[in-house]
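Novice: Handing you a structure now.
Nothing in this text is a laboratory measurement; each read-out follows from the coordinates by a stated rule. What you see is a predicted model, and the numbers here were worked out from it, not measured in a lab. Positions of Cβ are generated from backbone atoms using ideal geometry, with glycine treated the same way; all protein chains shown enter the neighbour counts.
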Amino acid sequence: MNGSLDRTRALRAVDRAHVWHPFTPMSAWLDDDAPIIERGEGCWLIDTDGNRYIDGVSSLWVNVHGHRHPVLDAALVEQAGKLAHSTFLGLSHPAAIELAGRLVAIAPGALTRVFFSENGAAAVEVALKMAYSYWRNRGEARDRFVRLENAYHGDTVGAVSVGGIDRFHETYRALLFSTASIPSPYCYRCSLGKTYPSCGVACAEALERVLDSEGDRVAALIIEPLVQGAAGIVTAPDGHLRRVTEIARARGILVIVDEVATGFGRTGTMFACEQESVEPDLMCVGKGITGGYLPLSATLATEEIFSAFLGAPEEHKTLYHGHSYSGNPLAAAVALANLDVFERERTLEHVAEIEVLLGELLAPLAEHPHVGEIRRRGMMVGIELVADRATKEPFDEALQMGAAVARAARARGAIIRPLGDVVVLMPPLAISREELTRLVSITAESIDAVTA
């Protein structure tokens with residue numbers, strides 16, 4: 001035991017001296033003895049001291065079938081024995097070709113073309129460039145995008161431009177291109193002063209007003225379908241997604257759905273937009289695409305959009321975008337295995353069963369005096385903490401209540417990560433009934449302890 005403690009101290013010292021962690025207030029980090037995760041087993045994470053934690057946020061919303069899944073492990077090893085990487089610029093390889101075919105087969109609507117990147121933000125950047133260039137190649141100047149308030153689409157400059165969370169994006173506003181926004185269907189704190197379901201109707205109708213004033217400049221509407229993840233698991237009212245896409249379609253505007261967080265079963269269907277029969281022009285996927293093993297993302301497009309980029313080289317209709325690791329063979333092979341596991345283990349059927357239990361487990365917590373609202377779609381949960389339930393008054397930001405709950409949960413054996421004062425639960429889809437019960441119990445105990 002002393003040896004493991006000495007090793008942990010040594011690693012922590014190097015971390016504090018040299019590592020800059022993403023989305024982490026580093027002053028607080030330097031004072032925190034956060035676990036150093038060394039291993040994973042199923043839905044559990046194990047640190048260098050041997051402590052075990054339920055992975056309550058799927059290692060940032062990416063893990064699907066659990067850690068060290070034998071099928072995914074085997075696929076990675078097999079591919080490593082053939083080819084670790086070869087450029088996708090002007091060459092191809094079997095794993096990415098087969099994966100593109102599989103993605104098209106399960107994608108909603110008429111998406112027929114697949115462009116590979118390494119992360120969700122890159123997939124969004126590609127979609128924005130595709131939409132802009134699509135109109136340009138057709139001889140139309142459309143340089144405007146419509147986004148939702150509270151939107152989050154990644155951290156690259158284009159993705160931030162179509163984002164709308166001030167605490168993440170305001171610092172960089174001078175670097176960004178201008179966009180038009182419509183209200184978020186954040187009905188609990190709706191900017192239009194509405195309630196369910198009128199909130200969703202009013203938010204959708206705002207799109208009509210934007211398009212009335214500048215529709216001839218708009219290239220695309222971009223939206224996170226059903227759930228705005230980083231906004232605090234903001235769940236749109238039923239029909240909202242369908243309504244805004246119908247409005248865009250009626251004006252000839254392209255529709256981009258960002259399924260990076262919601263895709264691969266998180267909301268109960270393979271892709272969230274299926275639940276309202278929405279067929280996008282462009283779809284961005286990532287996170288769960290490899291089951292949480294390797295960085296990979298993709299932008300799927302219709303044949304109509306792809307065709308706008310065809311022409312002689314001197315016409316310069318080419319999509320000038322790409323990355324060194326686009327379509328990486330290791331990631332593609334694991335992504336194929338991930339889809340195999342979805343079928344073999346009937347993952348979506350398991351989600352349909354386990355999400356019912358999740359709702360039952362969360363029900364008592366909904367009456368907690370410091371829980372303002374619990375929002376859920378499938379296995380995506382946001383528990384909004386408030387100082388006063390009756391008035392919806394938030395806690396003083398300086399108290400960092402969400403972070404305090406996460407620390408309390410960690411001490412009880414679960415890893416969760418809040419979004420401000422919204423406690424997020426998003427376990428691997430493979431989580432068992434017993435593990436899910438324990439995760440919710442730890443969360444409730446931690447909220448009690450912090451807000452007492």
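Novice: With a/c under 1.5 counting as rounded, go ahead and sort region 275-411 into rounded, prolate or oblate using the C-alpha gyration tensor (a ≥ b ≥ c being the square roots of the eigenvalues; past the cut-off, prolate if a/b is larger than b/c, else oblate).
Specialist: The shape class here is prolate.
Novice: Identify all aspartates and glutamates with a Cα-Cα distance to LYS317 below 16 Å; exclude those on the same chain that are fewer than 8 residues away in sequence.
Specialist: List returned: GLU140, GLU303, GLU304.
Novice: Could you point to the residue in ALA127, SER117, ASN137 farthest towards the positive end of the chain's charge dipole, with +1 and -1 charges on the Cβ of Lys/Arg and Asp/Glu respectively?
Specialist: ASN137
Novice: Can you list which of the trypsin sites (Lys or Arg not before Pro) found in region 330-377 are DSSP loop residues with at most 13 other C-beta atoms within 10 Å?
Specialist: Taking region 330-377 and a limit of 13 other Cβ atoms within 10 Å, the loop trypsin sites (Lys or Arg not before Pro) found are ARG346.
Novice: Moving on to the next point. Using a cut-off of 10 Å between beta-carbons, work out the net charge of the residues near GLY420 (Lys and Arg +1, Asp and Glu -1, GLY420 not included).
Specialist: Computed value for this residue: -2.
Novice: Checking the cross-link filter: which aspartates and glutamates have an alpha carbon closer than 19 Å to that of LYS392, excluding same-chain neighbours under 8 positions apart?
Specialist: Cα-Cα hits under 19 Å: GLU367, GLU373, GLU384, ASP421, ASP448.
Novice: If we count other beta carbons within 10 Å of each Cβ, what is the order of THR48, THR318, fewest first?
Specialist: Ordered from fewest to most neighbouring Cβ atoms within 10 Å, THR48, THR318 come out as THR318, THR48.
Novice: With charges set only on the Cβ (+1 for Lys and Arg, -1 for Asp and Glu), what does the dipole of region 70-155 come to about its Cα centre, in debye to the nearest 20?
Specialist: 440 debye
Novice: Over the alpha carbons of the chain, what is the largest minus smallest coordinate on each principal axis, giving the biggest first in Å?
Specialist: Computed over the Cα atoms, the extents are 67, 59, 44 Å.
Novice: For the residues TRP20, TRP44, TRP61, what sequence is obtained by ranking on other C-beta atoms within 10 Å, fewest first?
Specialist: Least to most surrounded, the residues fall as TRP20, TRP44, TRP61.
Novice: Looking at the square roots a ≥ b ≥ c of the eigenvalues of the Cα gyration tensor of region 149-271, which shape do they give, rounded for a/c under 1.5, prolate if a/b is larger than b/c, or oblate?
Specialist: rounded
Novice: In whole angstrom, how far apart do the alpha carbon centroids of region 400-452 and region 144-158 sit?
Specialist: Their Cα centres are 28 Å away from one another.
Novice: Within a 10 angstrom radius of the beta carbon, how do MET379, MET283 rank from fewest other beta carbons to most?
Specialist: MET379, MET283
Novice: Which ³J(HN,Hα) values in Hz, rounded to whole numbers, follow from the phi angles of region 120-126 under the Karplus curve 6.51 cos²θ - 1.76 cosθ + 1.60, where θ = phi - 60° and Gly and Pro get x?
Specialist: x, 4, 5, 4, 5, 3, 4
Novice: Take the alpha carbon atoms of region 298-337, find their center, do the same for region 111-143, and report the distance between the two centers in whole angstrom.
Specialist: Using only Cα atoms to place each centre, the spacing works out to 10 Å.
Novice: Take every DSSP beta bridge whose two residues both sit in the chain, then give the antiparallel share in percent to the nearest 5.
Specialist: 70 percent
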